[in-house]
Amino acid sequence: MARRTIRIALNGVTGRMGYRQHLVRSLLALREDGGLDLGGGDTLWPELVLVGRREHALREIAGRHGLGEWSTDLDAVLADDSIDIYFDAQVTAAREEALKKAIAAGKHLYTEKPTATTLAGALALARLADEAGVKHGVVQDKLFLPGLLKLKRLIDGGFFGEILSVRGEFGYWVFEGDWQQAQRPSWNYRAEDGGGIVVDMFPHWEYVLHELFGRVTTVQALTATHIPRRWDERGAPYEATADDSAYGVFQLAGGAVAQINSSWAVRVNRDELVEFQVDGVHGSAVAGLRNCRVQHRSATPKPVWNPDLPVTESFRDQWQEVPDNTEFTNGFRAQWELFLRHVVLDEPWSWDLLAGARGVQLAELGLRSSAEGRRLDVPELTL
């Protein structure tokens, strides 16, 4: 029985996602459970080095969680031969250059998305990592959500028969920041800083559609900046130059059509912040973050259109809840565990920088589709 140590440099843990999901709910939670069980009595223990630009924030986080190592000097951290993995959760505009440095230093990579600001940059990263012989992964957390895991169970079990369409609704009202503090950082609404809901969410929709239903072959999108004026973290007004809403139609390789609305300017009237309705010949399902409901063809009611009479039945009550049937862990932690096993045990892994580049490609084409007002093909990517 042995405990193996792996040293991970975490860049961007002072941000919301890097801190809550990757540091606290993934790697620190793994340490609290005694490390990652590798089988055969062996465990893997992650030693963490926090990296960032704000010294006081790093010191505070490290002290709060009993971590002894942190640095504002990324170059020095990457020059440390004891570091095995570099993780990046910085703002998008800073990520590409940092990943290049990590590749040059021979570190394995795990990164948030989008991996770069352009498709050319994202593909270049994938090529560099392959040429350097380092292992690389991109966070695709929504694949590990309980609701989507239940949906995949239905797909794999043949519940739907032929899948006809997918309809997705994502979003919530992000306060403008004048009379209530915004829930998202102000850079998200400035295109010059890498902001915009297409850049943020289309990479998610690419891997969800690709993994569950088929490769995206065409995209037609319409973007909007519904809230043109917002207030930043200091209370100063600024002009929103990035899209806060996007309405996309995606044709899939298997023949299904997906429609996904994404908005930070919509008030929620659904059970969860994101929901996907999948309609097939034999049945339908509605999956969210945690829950999934189904209606089989044998239990489908026969609605009759009559606007002159009030509705006498609850349509929602006609759906059946899909049981958990297993214990779900945090999705970010689940993917971290798989990546660590990939690095240490060479177990299979498919969510690499090329997969990340597909997300950047879809975002880039989505913005271009909106600007040109037409549907665009999505070529299959190769290195």
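Observations
- Long-range neighbours under 7 Å by Cβ, at least six apart or interchain, first residue over 11 Å from residue 294 (Cβ atoms) within the stretch 306-325, second part of a strand (DSSP E or B) and of a type in the set (D, E, K, R): none
- Checking the stated criteria, residue 109 turns out not to satisfy the condition of being under 17 Å from the mean Cα position of the chain (by Cα), within 21 Å of residue 203 (Cβ to Cβ) and assigned by TED's automatic domain parsing to the domain that holds residue 299.
- Filtered residues of the stretch 321-343 (kept if β-branched (Val, Ile, Thr) and touching an Asp or Glu at 6+ places or on another chain (Cβ under 9 Å)): 329, 343
- Taking the numbered list (1) among the charged types (D, E, K, R); (2) in contact (Cβ under 8 Å) with a residue 40 or more places away in the chain; (3) surrounded by 13 or more Cβ atoms within 10 Å (Cβ to Cβ) in turn, residue 267 passes all entries but (3).
- Residues satisfying the stated conditions in the stretch 70-92, i.e. of a type in the set (Ser, Thr, Tyr) and farther than 22 Å from residue 45 by Cβ: 72, 92
- Unique match (being surrounded by 21 or more Cβ atoms within 10 Å (Cβ to Cβ), more than 16 Å from residue 332 (Cβ to Cβ) and among the aliphatic types (A, V, I, L, M)) among 103, 85, 6: 103
- Unmet requirement for residue 117, which otherwise passes all of (1) among the hydroxyl-bearing types (Ser, Thr, Tyr); (2) at pLDDT 95 or above; (3) surrounded by 17 or more Cβ atoms within 10 Å (Cβ to Cβ): (2)
- Residue in the stretch 30-38 that is outside the structural domain of residue 200 (by TED's automatic domain parsing), closer than 15 Å to residue 335 by Cα and part of a helix (DSSP H, G or I) present: yes
- Of the residues 73, 130, 88, the single one that is touching a helix residue (DSSP H, G or I) at 6+ places or on another chain (Cβ under 7 Å) and either under 26 Å from residue 189 (Cβ atoms) or not hydroxyl-bearing (Ser, Thr, Tyr) (or both) is 88.
- Within the stretch 154-175, the residues that satisfy the criterion of being among the hydrophobic types (A, V, I, L, M, F, W, C) and within 17 Å of residue 270 (Cβ to Cβ) are 166, 170, 173, 174.
- Among the conditions (1) buried (at least 22 other Cβ atoms within 10 Å of the Cβ); (2) without any contact (Cβ under 8 Å) to a residue 24 or more places away in the chain, residue 175 misses just one, which is (1).
- Test result for residue 344, farther than 30 Å from residue 39 by Cβ, surrounded by 13 or more Cβ atoms within 10 Å (Cβ to Cβ) and either assigned by TED's automatic domain parsing to the domain that holds residue 108 or β-branched (Val, Ile, Thr) (or both): no
- Residue in the stretch 1-9 that is within 22 Å of the chain's Cα centre (by Cα) and under 22 Å from residue 102 (Cα atoms) present: yes
The values are calculated or read from the model by the stated rules, or taken from the named source; none is laboratory data. Keep in mind the model is a prediction, meaning the values are calculated, not measured. Reconstructed Cβ throughout: ideal geometry from the backbone, glycine too, with neighbour counts over all protein chains shown.
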